[in-house]
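**Q** Please read through the structure below; I'll follow up with questions.
The values are calculated or read from the model by the stated rules, or taken from the named source; none is laboratory data. These numbers come from a predicted model, not from an experiment. A quick note on method: Cβ atoms are made from the backbone with ideal geometry, for glycine too, and the neighbour counts reach across all protein chains shown.
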Amino acid sequence: MKILISDDESTSRMVLEATLHKLGYEVVVTESGGQAWEAYQQEYFPILISDWLMPHVDGLMLCRMIREKMQSNYTYIILLTVLEGKANYLEAMEAGADDFITKPFDEEELAARLQVAERILGLRRHVRQLEGILSICAYCKRIHEQGAWYQLEDYISRHSEAKFSHTYCPDCYDKFIKPEMEQLSGK
């Protein structure tokens with residue numbers, strides 16, 4: 001997975017980059033919020049780790065710019081900062097950050113938070129897939145997926161935890177079931 005990092009402090013940036021490489025991530029490094037914004041506009045990054053305190057475009061402004069862009073793929077944003085406390089945490093969340101880690105960061109804590117980021121991104125992808133447009137037969141209501149046709153119930157069961165119980169809606173009852181029952185009873 002590709003991570004965009006933005007930190008104006010060279011030592012902090014190099015430590016973060018080395019840690020992310022060690023954890024198996026592909027990393028794109030920027031030295032300012034402005035550079036990060038330029039990189040972000042050029043390609044999609046699932047995760048952004050940004051320093052909060054940077055000149056010109058700081059981490060909060062970068063968060064706001066990314067959230068305002070409203071692209072279809074979500075970027076999980078982690079702010080890395082020397083600032084601590086509830087007020088700063090809340091300000092970061094209000095700006096659009098998903099997580100907040102104080103410097104100097106702990107490698108194991110960062111790894112755990114990145115696992116959470118990947119889990120959330122995976123869930124978002126799954127939801128988008130389920131919300132996607134499906135080809136459905138207008139007559140039999142089977143769904144087309146990867147060259148095959150599936151019963152609606154089978155498709156939904158394979159893609160979710162939904163369970164089905166069958167019944168009749170009032171219209172179908174009146175139109176189909178009631179006449180059949182009346183015919184069988186001789187009315």
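**Q** Which condition from (1) closer than 17 Å to residue 117 by Cα; (2) surrounded by fewer than 17 Cβ atoms within 10 Å (Cβ to Cβ); (3) not acidic (Asp, Glu) is the one that residue 15 breaks?
**A** Just one mismatch for residue 15, condition (1).
**Q** State the number of residues belonging to region 151-174 that are loosely packed, with under 12 Cβ neighbours inside 10 Å and assigned to a helix (DSSP H, G or I). Steps first, answer last, please.
**A** Filtering region 151-174 for residues loosely packed, with under 12 Cβ neighbours inside 10 Å gives 158, 160-167, 169-172, 174.
Then drop every residue that is not assigned to a helix (DSSP H, G or I), which leaves 158, 170-172, 174.
Count: 5.
**Q** Another question, then. For residue 148, only one of the following conditions fails: (1) in the same structural domain as residue 11 (by TED's automatic domain parsing); (2) loosely packed, with under 11 Cβ neighbours inside 10 Å. What is its number?
**A** (1)
**Q** Go through (1) surrounded by fewer than 12 Cβ atoms within 10 Å (Cβ to Cβ); (2) over 30 Å from residue 47 (Cα atoms) for residue 129 and report which single condition fails.
**A** Status for residue 129: all satisfied but (2).
**Q** Consider residue 40 carefully, then state whether it is in a helix (DSSP H, G or I), farther than 16 Å from residue 113 by Cβ, aromatic (Phe, Trp, Tyr) and within 19 Å of the chain's Cα centre (by Cα).
**A** yes
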